[in-house]
1. Kirkwood Rh over Cα pairs of the range 76-225 into Stokes-Einstein at 10 °C, 1.306 mPa s: D in µm²/s?
2. For 105, 78, write out the residues from largest to smallest accessible area, computed with a 1.4 angstrom probe and no ligands counted.
3. For residue 91 and residue 195, compute 0.36 nm times the residue count separating them, minus their Cα-Cα distance, and round to one decimal in nm.
4. In the structure displayed, which of 104/145; 50/110; 68/217 lie more than 22 Å apart, Cα to Cα?
5. Could you do me a favour and compute the accessible area per residue for the range 27-181, 1.4 Å probe, result in Å²?
6. For the pair residue 162 and residue 112, how long in nm is the line joining their label points, each one 7 Å along Cα→Cβ?
7. For a quick check of understanding: with a 1.4 angstrom probe and all protein chains in place, what accessible area in square angstrom does residue 189 have, to the nearest ten?
8. With 18 Å as the limit, write out which pairs from 49/101; 51/117; 51/101 have Cα-Cα distances beyond it, or answer none.
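The values are calculated or read from the model by the stated rules, or taken from the named source; none is laboratory data. Please read these numbers as outputs of a predicted model, since none were measured by experiment. When we count neighbours, we look across all protein chains shown, and the Cβ atoms used for this are built from the backbone with ideal geometry, even at glycine. Please note that ligands, DNA and RNA were not included when accessible areas were found on the heavy atoms of the full protein model with its side chains. Shrake-Rupley method; radii C 1.70, N 1.55, O 1.52, S 1.80 Å.
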Amino acid sequence: MEYTYQYSDECWFKDKCPRQKSVGCDSSCPIRSEFDYLINTSNIPDEFKKKKILYPEEVDLEAFNTLKDIQLDIENFTEQGRILYLWSSQCGVGKTEFATKILKTYLAVKCYGNGYKDLAWFEYAPSFVLMAKEFKSDERMEHIKNLSERQLCIIDDIGAVSPSNYDRSVLSSVIDNRYSKGLATIYTSNISPENLELLLGARIADRILSDIVIELKGTGRRQSTSTYQRKE
């Protein structure tokens, strides 16, 4: 995978880095360059690369505290090959946002001295099963290798579309591979655990639901408006 480092003034470690206080923040920083490399080679959508603060509704306080515990212990979570199924019947409650926060924390913990070794991967499940049918052989194998072998993986919005038998076989291969190798995986979905088996089959559902299952019960945060104002 080709990668060209591009420096920007926005740093994920701003105001928390001892190097920033001693020599300043610039493009020669090994921490920043390794972290940016890991972020930009993990397939994370641009909208989730920036830092954001999530404010839970009261009904989700316990769930957010548990997710925070995972985030703070993400190195052990990953090394132990843990699995998280994060779901909600509502859209826009912050599932993907919190999942990517956890992934970025892992990259921040592991980046310094990592030697530009790829560690994590983000996959939007509906696009993956669609693209898997259209990939050229080499592209398909490289993509599936990234999804199957990285230490921490997010499989986002699994079950968003009814899969064909082919889709199930592709997903089953990836999920079984990660499970058998003890690789940590975070799944997000709008499908309840009870309905996941009906949609994806008992084998896939058993792997996905084998460890931690967290439900977010709040309402969606995405809001539309009938007026236009320039964003700050």
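1. The diffusion coefficient I find is 100 µm²/s.
2. On the way: 105 25, 78 5 Å².
Largest to smallest exposure gives the sequence 105, 78.
3. Extending this stretch completely gives an extra 35.8 nm.
4. Pairs exceeding 22 Å: none.
5. Values: 7450 Å² over 155 residues.
With all protein chains present, the range 27-181 gives 48 Å² per residue.
6. Rounded to a tenth, the inter-label distance reads 5.2 nm.
7. Result for residue 189: roughly 0 Å² accessible.
8. Correct reply: 51/117.
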